[in-house]
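Asker: Pasting a structure here, questions to come.
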Amino acid sequence: MGNHHTEVSPCVDRATLLAEMDTHGVGRAVIYHALGDLTSPVDGNRALEAWLADDGRLHPQWSAHPLPRSLEQLQELHAQGRVGSVRLAGLDIIDFPFRPWGYDPLLSWLSREGIPLWVPLPEMDPDDIVTTLQAYPDLETVLVGAHYLHAMWVQPMLKALPRANLELSRYEPIGQIEALLEEFGVERFLYGSWYWRLAMGPMLFYLHHVGLDDKELALVCEGNLLRILGVES
């Protein structure tokens, strides 16, 4: 959510976001701040505070990168009982390979604390993702932003990483979601919109037409995410 230094967001404040969610029947959402991607994860996390309230509709996802001050900020938030998930961010502004020798303090801490990690596929090397995450077998992860360009990666990546889940905001190869659901089961897939980069509606509509029954659809649209976050339905 929010603006970053190169672009003005179409979603200017919390009220605008909630109105958009209501339009699509989205009761609650996990959000992060756009500043985390192109400026600073630490500053993005500070800016995210203005979007939060006690109504339970918006769950913060804190951005992280491998510098010590980022981990220190996350640990402070975790001590306050406020960290449900973490997202790798700033990968476009730091040239730092996603390897254990650079990310071990962050990944080891997340693994020990049982905090799930969101990993943006478009910004990363697939071999780095698989090789590094295999070194942390207890770390629950969500692979975000898979596109048809990643269609050859996704199936072997999910086989190689049994604790990885796939977010479906822009996974559009014809028939591939159906094939993945058949191979891996419904429990490893999550609806996501990647709003405001993308609209909320199209993928939500598509998931209603891939042959899922009501119980399976509820898992993809909510239940699997709540399980990963450790949040009650």
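Asker: When you scan region 92-113, how many residues do you find that are surrounded by fewer than 17 Cβ atoms within 10 Å (Cβ to Cβ) and in contact (Cβ under 8 Å) with a residue 40 or more places away in the chain?
Answerer: Count: 2.
Asker: Checking the conditions here, which among Leu161, Leu168, Leu121, Leu149 is under 30 Å from Ser9 (Cα atoms) and over 14 Å from the mean Cα position of the chain (by Cα)?
Answerer: Leu149
Asker: Of all residues in region 1-50, how many are part of a loop (DSSP other than H, G, I, E, B) and either open to solvent by 20 Å² or more (accessible area, probe 1.4 Å) or in contact with a Leu (Cβ under 8 Å, 6 or more places away or on another chain) (or both)?
Answerer: Total satisfying the criteria: 18.
Asker: How many residues are polar (S, T, N, Q), outside any helix (DSSP H, G or I) and either open to solvent by 20 Å² or more (accessible area, probe 1.4 Å) or over 20 Å from Ala199 (Cβ atoms) (or both) when one looks only at region 157-179?
Answerer: The number of residues fulfilling the criteria is 1.
Asker: Looking only at region 214-233, count how many residues are of a type outside the set (A, V, I, L, M, F, W, C), open to solvent by 50 Å² or more (accessible area, probe 1.4 Å) and not in a loop (DSSP other than H, G, I, E, B).
Answerer: Of the residues in that region, 5 qualify.
Asker: Ser63 passes all but one of (1) open to solvent by 10 Å² or more (accessible area, probe 1.4 Å); (2) assigned to a strand (DSSP E or B); which number fails?
Answerer: Every condition holds for Ser63 apart from (1).
Asker: Does Gln61 meet the test of being of a type outside the set (D, E, K, R), within 17 Å of the chain's Cα centre (by Cα) and at pLDDT 95 or above?
Answerer: yes
Asker: Kindly indicate which of Gly211, Gly192 is assigned to a loop (DSSP other than H, G, I, E, B), touching a strand residue (DSSP E or B) at 6+ places or on another chain (Cβ under 7 Å) and farther than 21 Å from Ser111 by Cβ.
Answerer: On inspection, the qualifying residue turns out to be Gly192.
The values are calculated or read from the model by the stated rules, or taken from the named source; none is laboratory data. Everything quoted here is computed from the prediction, not taken from an experiment. Heads up, the Cβs are rebuilt from the backbone with ideal geometry, glycines too, and the neighbour counts pull from every protein chain shown. SASA here: full protein model, heavy atoms, side chains in, ligands and nucleic acids out. Shrake-Rupley method; radii C 1.70, N 1.55, O 1.52, S 1.80 Å.
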